[in-house]
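The values are calculated or read from the model by the stated rules, or taken from the named source; none is laboratory data. Predicted, not measured: the structure shown is a model, and the values here were computed from it. Please note: Cβ atoms are built from the backbone with ideal geometry, for glycine as well, and neighbour counts cover all protein chains shown. Side chains included, ligands, DNA and RNA excluded: accessible areas come from the protein's heavy atoms. Shrake-Rupley method; radii C 1.70, N 1.55, O 1.52, S 1.80 Å.
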Amino acid sequence: MRRHYLLLALSGFALNCFGQNSSDWSKVAELEKQRQEKPSAGENAVEFYAGRKKALHDAAADFLAKHPDDANAGSALLWKIDNTDFSGPAEQRTTLLANLSSEMDTFLKDHAQPKASETEIRETLLSCYLDNDDLIHTPQQAGDLATKIGQFLAGYPQAENRVKLQIVQSSLLLKADQSKGIAFLEQLSKDSNPELAEAAKAALSKARLVGAKLDLSFVDSQGQPVDLNQLSGKVVLIDFWASWCPDCVREMPQVQQVYRTFESKGLTILGISLDKDRRAMDNFIAKHLIPWPQYFDGKGWKNDLVTKYSVHEIPEMWIINKKGIVETTSADVTQLASTVERLVAE
């Protein structure tokens with residue numbers, strides 16, 4: 001009789017645990033549903049999503065801590081990683097990435113996930129590293145991240161964003177060693193996958209822009225013509241960005257400071273916006289007092305100039321010297337001031 005009572009007690013405990021798990025998970029799932037809502041026309045996406053991302057991150061982290069063995073724990077880890085706030089200073093973000101990487105490895109070691117789920121979790125963390133590419137300051141760091149991408153693609157060949165990751169890998173190799181990056185792109189341009197081959201050809205064309213004269217002209221968002229040929233004698237910074245891009249928003253104050261410092265000494269900035277919502281872009285520009293011209297066609301990632309110049313991540317900044325020659329297509333915001341200072345003095 002005593003044994004029978006114990007089994008009943010354990011069964012009741014299991015039901016209570018299951019009920020608590022279900023209740024906790026319902027809260028997380030509801031927050032994820034809210035996370036998918038879209039901002040209204042003209043509303044800034046970064047500000048709109050910030051609160052939702054934090055709420056989902058905190059709920060997913062709490063669920064993972066309480067129920068690490070639950071069937072939904074893998075999804076909780078994914079959502080925790082995907083909604084981590086990387087708006088802080090470099091040292092803080094470096095620590096966050098290291099901690100998330102350690103947590104992910106430990107979890108996946110102790111809680112085997114379906115291959116597709118594990119791939120998505122690892123790819124999401126890899127995207128976090130790529131979204132914080134301003135933490136890369138040396139060729140060695142660029143090469144290490146390129147190696148990390150290569151190892152991921154080798155272990156998880158069915159990754160959803162395989163083509164994009166290979167192109168990003170090539171851009172990191174270009175930073176680490178220009179000749180190796182070019183060779184890698186030449187290899188990819190012959191790939192049997194036509195999407196990858198075409199993307200590689202476009203990236204190869206962009207890589208070969210460095211040291212060449214750039215011919216760029218467009219009509220800006222205010223209807224005014226912009227022609228790089230008319231800006232001879234000035235240093236030109238071309239900023240590919242969007243008002244919905246958290247990293248763009250985080251870097252914008254530094255870009256504005258560089259502009260204020262060197263505008264009178266011959267610096268011009270041209271913005272290439274990947275916004276689809278014209279009102280959101282205009283509101284952001286007005287709120288943050290951004291004075292330079294913007295190219296806007298409302299096509300987002302299919303923006304004509306983005307497609308033409310193989311831009312796969314933003315923010316991306318190019319620097320053109322006084323002779324109209326491309327100095328770099330991957331300017332580092334932390335070194336932007338020193339680079340511009342050198343070029344305006346030439």
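Tabulated data for the structure shown
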read-out	value
Residue 346 versus residue 62: modelled label distance in nm, points set 7 Å from Cα along the beta carbon direction	5.5 nm
Two-decimal Rg/Rh across segment 179-338, once Rg and the Kirkwood Rh are taken from alpha-carbon atoms	0.97
Computed [θ] at 222 nm, helices only, for the chain once each DSSP H run of length n ≥ 4 contributes -39500 (n - 2.57)	-19500 deg cm²/dmol
Estimated FRET transfer efficiency when R0 is 30 angstrom, pair residue 322-residue 138 (beta carbons, to 0.05)	0.60
Partners for residue 234 among lysines (Cα-Cα distance below 20 Å; same-chain residues under 8 apart left out)	213, 265, 322, 323
Linear extension gain, residue 192 paired with residue 99, 0.36 nm per residue minus alpha-carbon span	29.7 nm
Residue 27/residue 148 FRET efficiency (R0 35 Å; Cβ-Cβ; nearest 0.05)	0.55
Around residue 339: net Lys/Arg minus Asp/Glu count, Cβ-Cβ under 11 Å	-2
Per residue accessible area in Å² of the chain, where ligands, DNA and RNA are left out and the probe is 1.4 Å	52 Å²
All lysines inside 19 Å of residue 180 as judged from Cα atoms, apart from same-chain residues fewer than 8 positions distant	148, 164, 190, 201, 206
Solvent-accessible area, 1.4 Å probe, carbon plus sulfur percent, for the chain	53 percent
Structure-derived percent of Cα pairs over 28 Å apart: which label, when the choices are (i) 51; (ii) 39; (iii) 42	(i)
Potential lengthening between residue 304 and residue 161 on full extension [0.36 nm per residue; Cα-Cα distance subtracted]	49.4 nm
Simple label model, 7 Å out from Cα along Cβ direction - residue 210 to residue 287, nm	3.5 nm
Exposure rank, largest accessible area first [243, 87; 1.4 Å]	87, 243
Neighbourhood net charge (12 Å Cβ-Cβ; Lys/Arg +1, Asp/Glu -1) for residue 112	-1
The chain - share of DSSP beta bridges that are antiparallel (%, nearest 5)	50 percent
